[in-house]
Each structure stands twice: as C-alpha cells, then as structure tokens.
Amino acid sequence: MSAISRDEASAPFFDAAAGGQLLIRRCADCGHWTVPYTRMGQVLDRCPNCTSARLEWAPASGDATLVTWTVVHTREGPLRPVGVVELAEGPWLTAPVDADPASLAAGMALEVGFERPGGGEPVPLFRPAGG
C-alpha cells in the first residue's frame, strides 16, 4: 500500500491519529456523526442529516462492530481482510481488519488501532476487542 498524505482539511484527523485517537466529524447543530472523509469524490462539508455547515472534528471511542468483510487474494496469497465497521457513534468506515479471516464474524466487537502504510500518515485499522 502506498503512503497516505495529508492536506489542510485532513490535518486534524492525522494529528489525532498520530496520538492514537480516532476523530470523526460531528454536526455542531444536530449532533449527527459522519465519516471523516469524502463520499463518491465529494468532500463532506455539510451535515448529511440537517445540511448545517458546522461540522467539527470530535473524538470517537474507537469501538466498532464488524458489519462485513472481504479478503483480497493475489498470486502471493491472501492479504489482510478489509472490513466495513460500524463505529459506536453510528457511522460506517471501511478499514483493514488485523485478524485471521477465519476468526471473523458479523457482529464481532472491534477496537481501533493505527498503522502507517508506506511510512506515511497514520490510518485506522481494527482489531478484535480486548485482544
């Protein structure tokens, strides 16, 4: 995986991730939580619930539940699973899952960790909770 790089809009996310904290966006008007990145190439600059422009970075618990996953296979063998996780705050994220694919099950409790692919910025990955 190549290195991830920051820009001005993502700097708070990466600064928090470097300290082991997951930040996501929260609407200051209605309290709706949303993902920290773009959707279909569009930057999320408004709340998808109430359309307020007052989205702020807020700490997430890092607790999640596995919704679904896939394991990409190459000629060299299987890669680490990639999952869709539901954060305790509600939004769904797509992220690597650091676990044996045979141990995964829908509804499994996960917790966030961070890695630096290609030596770049820290990005979230999820591991079985308590493990």
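Restricting region 72-83 to residues that are touching a residue at least 12 places away in the same chain (Cβ under 8 Å) and assigned to a strand (DSSP E or B) leaves a set whose member that is least open to solvent (accessible area, probe 1.4 Å) is G83.
Of the residues E121, E111, E86, which single one is under 16 Å from the mean Cα position of the chain (by Cα) and in a loop (DSSP other than H, G, I, E, B)?
Of the residues listed, the single one that is under 16 Å from the mean Cα position of the chain (by Cα) and in a loop (DSSP other than H, G, I, E, B) is E121.
Being in contact (Cβ under 8 Å) with a residue 40 or more places away in the chain, open to solvent by 50 Å² or more (accessible area, probe 1.4 Å) and more than 22 Å from A11 (Cβ to Cβ) holds for only one residue in W92, W69, and it is W92. Within region 95-114, none of the residues are open to solvent by 70 Å² or more (accessible area, probe 1.4 Å), closer than 23 Å to S5 by Cα and in contact (Cβ under 8 Å) with a residue 24 or more places away in the chain. The residue of region 5-55 that is farthest from L93 (Cα to Cα), among those that are open to solvent by 20 Å² or more (accessible area, probe 1.4 Å), under 14 Å from the mean Cα position of the chain (by Cα) and at pLDDT below 90, is S10. Remark: A64 falls outside the filter, which requires a residue to be at pLDDT 95 or above and surrounded by fewer than 16 Cβ atoms within 10 Å (Cβ to Cβ).
The values are calculated or read from the model by the stated rules, or taken from the named source; none is laboratory data. Computed from a prediction, not measured in an experiment: that's the story for all the values here. Positions of Cβ are generated from backbone atoms using ideal geometry, with glycine treated the same way; all protein chains shown enter the neighbour counts. Note: accessible area is taken over every heavy atom of the protein model, side chains too, but ligands, DNA and RNA are not part of it. Shrake-Rupley method; radii C 1.70, N 1.55, O 1.52, S 1.80 Å.
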